[in-house]
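A quick write-up on the structure given underneath.
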Amino acid sequence: MNSKTMKYIKLLVVVVIIALFAWFIVIKPMYSFKKYENTLETAAKRYFNLNHTELPTGTRVATVDMQTLYHKSYLEEDFYIPYTDKPCDLKESWVKVRKVDGEYKYYTYLQCGAMKSNVDNKGPDIKLNGSDKITVDLGEKYKELGVKSVVDNTDGKIDTKKVTINSKKVDTNKVGTYEVTYTVLDALKNKTTVTRTVEVVSKIKNAVNVATEKKGYYTGATPNNYVRLSGMLFRIIGIDGENVKVVAEEDIANVNYSGISSWLDNYYMKHIAEEAKKLLVKNKYCNMPVTAENSSALECTAYTKNRYAYIPSVVDVNKTLDENKNSFMKPSTISWLANVADDKTAYTTRSVFYGNAAGSRFYIDSKEKNYGVRPVLTIKGDTLIKKGDGTRISPYEFGEIKTGKSDEPINKRYSGEYISYGGILWRILEVNSDGTTRIISVENVKQSGTNVTTNYEDVKTEEKTYNPLQKGNVGHYINNKVSEFIDTSYFVNKNIEVPIYENGMLYGKQTETKKYKVKLSAPNMYEMFSSKSTVVNSTRSYWLINSTKSELQKTAVTDAGVVLTDGIGNYDKYGIRVVANLKKSVNITKGNGTVDFPYTVSK
């Protein structure tokens, strides 16, 4: 066989292969598909002939899908995607019929995998005016923006008036996310529906105005003005310009008046989550001097420089008084106000004063006293409320921090969140650089339901400063004996610093510190949440870690929440609140970190 013949044979083989390839890949599948189309259309025609009342009139279009034809036995043959055992799409395949020039015309659309009939099966393209996601303030009327254009690939431009708009479900009196639907049909009744999302939101300033009937200030002892911010509970004082002032629900620490600004700037603000700080603005806070003549003032005459945090003023208290002179701004503990009386004294407030101050709204005392500090912050007025209704059990929340999840390390959480461990309620003070988590017990340590107390009775030396290494010392008792009453298996030993002050105990003025490595210690009065808890009313008196060098004073907090630095004898007994450090391996098991639903933990 010569070379020329071989070339012809090879060419013939190639042609045969190509022909076979074309047959199996293109021609046969197409032949089968066209056969399916014809069978589908024939079945549909028989369906409409026997159900002639379903035939359309006028410009109407009637549709029967392939699933219905199978269900009603108009089709018996199964249609499959070529070379597979997968059936053609029953719901997306259909036959439509309409009257054209007095005759019924059928349009068959079959979808078998990648093979589709060459029939208009797509609805028109709808373009909306404005964004497909819009927000509306609570109580505002929803204004429909409408449709910009409708274009069909077969029919061309369609009048926008033919679009059906359904916005009935948008309730602007209730916070939530709603949908507005826009539906249109082309000439063959192919349908398109697009959706616009309408989010009804409540800005915090609007919520305050509604709740206070535009007075701007909440009044009374128990209004529903609660806010959770950075894992901590606050109360809304009121509107301040375009923004909203809030005050901590309770005293955070006991600080001498002259040290408050430094404590807020250098300590407290470091415990506000970075996500929460983005919602805050600097503000000028009222700090005018107050005398007996203007102690009932409702207007402020002097302010601080712009700052993130301060404390309430006499004016704040006066504005929030109800007709019975009650106010949420008057706590059960003695708490500092921003206003001075003179160079040496400043104002405090409390729900009830006793003794010489009985019946008073305010009490003037030495700036060197360590009284409660309730920080005031200012939240941007347009901050959106993500959840809550302002009640204590469901405070307004802004979503700036997310609730901890099961198996998440506790050292990823925030200062102020609550933990239940060993039958005791705790709060997170801070996360240490080594991954351990510093916590403080909200409640006093108890044995069989009774507060555990101790004193300095057995100390044999004159030195009575807090010392965990000295037998008979309160510090020694807490570190060595309290583990008999609480579970300490999740705690680690950590270094503590006992601050010793020259004379009076003034924030930032200690002259020396003594370091000890302990598992348990008493609170430092200048730490977060070291004041008597008023959110959980189970704390009584308790020891503090702070001491003075000159008089070797001991410190404790009374049942009423007042810090004692004088007159504490060796035989005087006080309860115990504990500061400890959780191992970095401790994880959340459940809970949401609130006082009502604290995190539970495991290793």
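The values are calculated or read from the model by the stated rules, or taken from the named source; none is laboratory data. In this text, all values refer to a predicted model and were calculated from it rather than measured experimentally. When we count neighbours, we look across all protein chains shown, and the Cβ atoms used for this are built from the backbone with ideal geometry, even at glycine.
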Leu377 vs. criteria part of a strand (DSSP E or B), of a type in the set (A, V, I, L, M, F, W, C) and either at positive phi or in contact (Cβ under 8 Å) with a residue 12 or more places away in the chain (or both): yes
Any chance you could count how many residues in the stretch 58-86 are out of contact with any Gly (no Cβ under 6 Å at 6 or more places or on another chain), touching a residue at least 12 places away in the same chain (Cβ under 8 Å), in a loop (DSSP other than H, G, I, E, B) and within 21 Å of Met115 (Cβ to Cβ)? 7
With the condition kept exactly as written, say whether any residue in the stretch 313-331 is small (Gly, Ala, Ser), within 27 Å of the chain's Cα centre (by Cα) and crowded, with 18+ Cβ neighbours inside 10 Å. no
Index of the failed condition, Val246 passing every other in (1) assigned to a helix (DSSP H, G or I); (2) within 21 Å of the chain's Cα centre (by Cα): (1)
Quick test of your reading of the structure: Val482 fulfils all but one of (1) of a type in the set (A, V, I, L, M, F, W, C); (2) in contact with a strand residue (DSSP E or B) (Cβ under 7 Å, 6 or more places away or on another chain); (3) within 27 Å of Thr555 (Cα to Cα). Name the failing condition by number. (2)
Evaluate the following for Ser131: is it assigned to a strand (DSSP E or B), among the small types (Gly, Ala, Ser) and at pLDDT 90 or above? no
Part of a strand (DSSP E or B) and touching a residue at least 40 places away in the same chain (Cβ under 8 Å): does that describe Val255? yes
For Glu144, state whether it is of a type outside the set (Lys, Arg), under 30 Å from Val210 (Cα atoms) and surrounded by fewer than 13 Cβ atoms within 10 Å (Cβ to Cβ). no
Does Tyr526 count as in contact with a strand residue (DSSP E or B) (Cβ under 9 Å, 6 or more places away or on another chain), under 23 Å from Asn479 (Cβ atoms), at pLDDT 95 or above and surrounded by 17 or more Cβ atoms within 10 Å (Cβ to Cβ)? yes
How many residues does the stretch 103-128 contain that are outside any strand (DSSP E or B), in contact (Cβ under 8 Å) with a residue 24 or more places away in the chain and among the polar types (S, T, N, Q)? 2
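Collect the residues in the stretch 153-191 that are within 29 Å of Tyr109 (Cα to Cα), of a type in the set (Gly, Ala, Ser) and surrounded by 14 or more Cβ atoms within 10 Å (Cβ to Cβ), keeping them in residue-number order. Walk me through how you get there before you give the answer.
Step one: of the stretch 153-191, the residues within 29 Å of Tyr109 (Cα to Cα) are 153-165, 181-191.
Cutting the leftovers down to of a type in the set (Gly, Ala, Ser) gives us 156, 187.
Listed by number, the list holds a single entry, Ala187.
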Take the residues in the stretch 192-203 that are under 30 Å from Asn243 (Cβ atoms) and β-branched (Val, Ile, Thr); name whichever of them is surrounded by the most Cβ atoms within 10 Å (Cβ to Cβ). Val198
Checking Gly139 against (1) more than 13 Å from Asp186 (Cα to Cα); (2) surrounded by 15 or more Cβ atoms within 10 Å (Cβ to Cβ); (3) touching a Ser or Thr at 6+ places or on another chain (Cβ under 9 Å); (4) not acidic (Asp, Glu), the condition it does not meet: (2)
Does at least one position in the stretch 366-379 carry a residue that is under 24 Å from Asn224 (Cα atoms) and more than 31 Å from the chain's Cα centre (by Cα)? no
I need the full set of residues from the stretch 305-322 which are touching a Gly at 6+ places or on another chain (Cβ under 9 Å) and over 20 Å from Ser261 (Cα atoms), in order please. Lys319, Thr320, Leu321, Asp322
Flagged pairs (Cβ under 6 angstrom, 6 or more apart or on separate chains; first in the stretch 469-490, farther than 20 Å from Trp426 by Cβ; second of a type outside the set (Ser, Thr, Tyr) and assigned to a helix (DSSP H, G or I)) are Gln470/His476
One residue is enough: does the stretch 433-446 have a residue meeting the conditions in contact (Cβ under 8 Å) with a residue 40 or more places away in the chain, assigned by TED's automatic domain parsing to the domain that holds Phe529, within 15 Å of Ile478 (Cβ to Cβ) and among the polar types (S, T, N, Q)? yes
Which of (1) buried (at least 22 other Cβ atoms within 10 Å of the Cβ); (2) touching a helix residue (DSSP H, G or I) at 6+ places or on another chain (Cβ under 9 Å) does Val452 not meet, given it meets every other one? (1)
Hey, can you tell me all the residues within the stretch 337-362 that are surrounded by fewer than 17 Cβ atoms within 10 Å (Cβ to Cβ) and either over 19 Å from Gly259 (Cα atoms) or of a type in the set (Lys, Arg) (or both)? Lys344, Ser351, Val352, Tyr354, Gly355, Asn356, Ala357, Ala358, Gly359, Ser360
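Table: residues versus (1) over 22 Å from Gly390 (Cβ atoms); (2) crowded, with 21+ Cβ neighbours inside 10 Å.
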| site | (1), (2) |
| --- | --- |
| Val244 | no, yes |
| Glu250 | no, yes |
| Tyr268 | yes, yes |
| Ala276 | no, no |
| Val281 | no, no |
| Lys284 | yes, no |
| Pro289 | yes, no |
Residue that is farthest from Pro29 (Cα to Cα), among those in the stretch 67-114 that are aliphatic (A, V, I, L, M) and more than 49 Å from the chain's Cα centre (by Cα): Val100
Test: residue in the stretch 408-418 that is touching a Pro at 6+ places or on another chain (Cβ under 9 Å) and crowded, with 20+ Cβ neighbours inside 10 Å: yes
